[in-house]
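The values are calculated or read from the model by the stated rules, or taken from the named source; none is laboratory data. Keep in mind that this is a model prediction, so the values were computed, not measured. Note: ideal-geometry Cβ built from the backbone for every residue, glycine included; neighbour counts use all protein chains shown. Note: accessible area is taken over every heavy atom of the protein model, side chains too, but ligands, DNA and RNA are not part of it. Shrake-Rupley method; radii C 1.70, N 1.55, O 1.52, S 1.80 Å.
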2 protein chains.
Amino acid sequence: MSVSPPPITRFERLQRLAKRFPQLDSSGLETCITLLRLSNDLSDAYDASLARHGLSKGRFTVLVRLYSTSETEGGRGLIPAELAESSCVSRATMTGLLDTLEKDGLISREDHPEDRRMYTVHLTPKARQLLEGMLPEHYRRVAALMAPLSEQERDTLRELLAKVSTGLPAFREP
Amino acid sequence: MSVSPPPITRFERLQRLAKRFPQLDSSGLETCITLLRLSNDLSDAYDASLARHGLSKGRFTVLVRLYSTSETEGGRGLIPAELAESSCVSRATMTGLLDTLEKDGLISREDHPEDRRMYTVHLTPKARQLLEGMLPEHYRRVAALMAPLSEQERDTLRELLAKVSTGLPAFREP
DNA sequence: CCCGATTAGTAAGGCCCCTAACTAGTGCAC
DNA sequence: GTGCACTAGTTAGGGGCCTTACTAATCGGG
């Protein structure tokens, strides 16, 4: 068995690729990869945390949206299209989310008074209880996640993320 | 039909929720949501871009890893476990990725000379051609995505993302 | 030696979300 | 008023990745 050569890091492989592909912007790619990896890790951690309460990101987002709306606008009830938009999922996906939330007794669908194509979605007391039980812990987790950043750093981070967002259309181009 | 009340923004709902849940750190949550949303958008855009070449993030990551390794370390071939780790997917998922990549003629599996439990994975000429055809455009896209950020801002962004990463263990805690 | 612990890869089944195609209700132009 | 474009929601089917439970090969201590 021969002695192993020194391990080659991801960064070194990237540098060598950059020699072959002049279009490669190494600091940009490095930043992009960092962002995608953290996204993935954070997303997984988020899912795992919600899964303890039988929720997914989509299900949770819907419930919190309904909860915060009912708190601030007196249970006016939302329609699936509004929920889909504010949860960033397709309307078809929202149908599925609402189906399972209803089956689990967390939401109810009620006829829309004015337009028979739609209905309004409402939290059940069971859902309210679930949220009030879990949100304190959830918010504590998020606070712990962000604890390493000062207020100023958070502002900067949001700013920089917003700048990356402005690059998205160019990324998507033809 | 009554006049609609002024629309309530996500930020306002957040503020009111914060009154009810003292654990809620609004700048932290706001930052976290911003991050999760951008993650989602970027991830979708990335997937859409790769899909034009018949690839997913996982498939692409595997191919690029193999490509850059063969460039720098003379086609030594990688084992599935290494690929799973460097692609951040489970070994089971890697089996699936390799199955379809092999079916599409992009990789080959070859017996491992020393350990019959494993095999080594190699790019086919077809895969090499695919990558060399698509990478220039791909790298151009990534460069365009990151163009709005100066070198210094990229450094700062990576730093701040790294800080968020350090908060992940605390997020996951019991 | 050889038998248990470990490690590699795989199979089965599930969840989440997607797109595309469909159904039903609305409302406006004529 | 009727027809047609539009809108809301649903259905069907698919892709990606996961976890859990498995099989096969290797290694190492008695």
Note the distances from residue A:155 to each other copy's matching label point, with points 7 Å along the Cα-to-beta-carbon direction, in nm, sorted shortest first. 2.2
For the protein assembly as shown, would you read off the P(r) tail past 32 Å as a percentage of all alpha carbon pairs? 42 percent
Nearest-ten-degree value, helix B:10-20 long axis tilted from longest Cα axis of chain B: 70 degrees
What accessible area per residue, rounded to a whole number of Å², is obtained for region A:39-143 using a probe radius of 1.4 Å? 48 Å²
Between the Cα axis of helix A:26-51 and the main Cα principal axis of chain A, the angle (0 to 90°, nearest 10) is 40 degrees
Residue-normalised 222 nm signal for chain B, counting each DSSP H run of n ≥ 4 as -39,500 (n - 2.57), nearest 500 deg cm²/dmol, is -23000 deg cm²/dmol
Among the lysines, which fall within straight-line cross-link reach of residue B:103, defined as a Cα-Cα distance under 23 Å, with same-chain neighbours fewer than 8 residues apart omitted? B:57, B:126
Compute from the Cα atoms of region B:1-137 the Rg and the Dmax, the latter being the longest Cα-Cα distance, and quote both in angstrom. 22.8, 78
Along the charge dipole of region A:16-174, pointing to its positive end and built from +1/-1 on Cβ of Lys, Arg, Asp and Glu, which listed residue (A:89, A:150, A:27) has its Cα farthest out? A:27
Determine, at each q value in 0.16, 0.22 (inverse angstroms), the log₁₀ of I(q)/I(0) that the Debye formula gives when each Cα of region B:56-145 is one equal point scatterer. -0.63, -1.14
May I ask for the distance between the Cα centers of region B:116-134 and region B:156-170, given as a whole number of Å? 34 Å
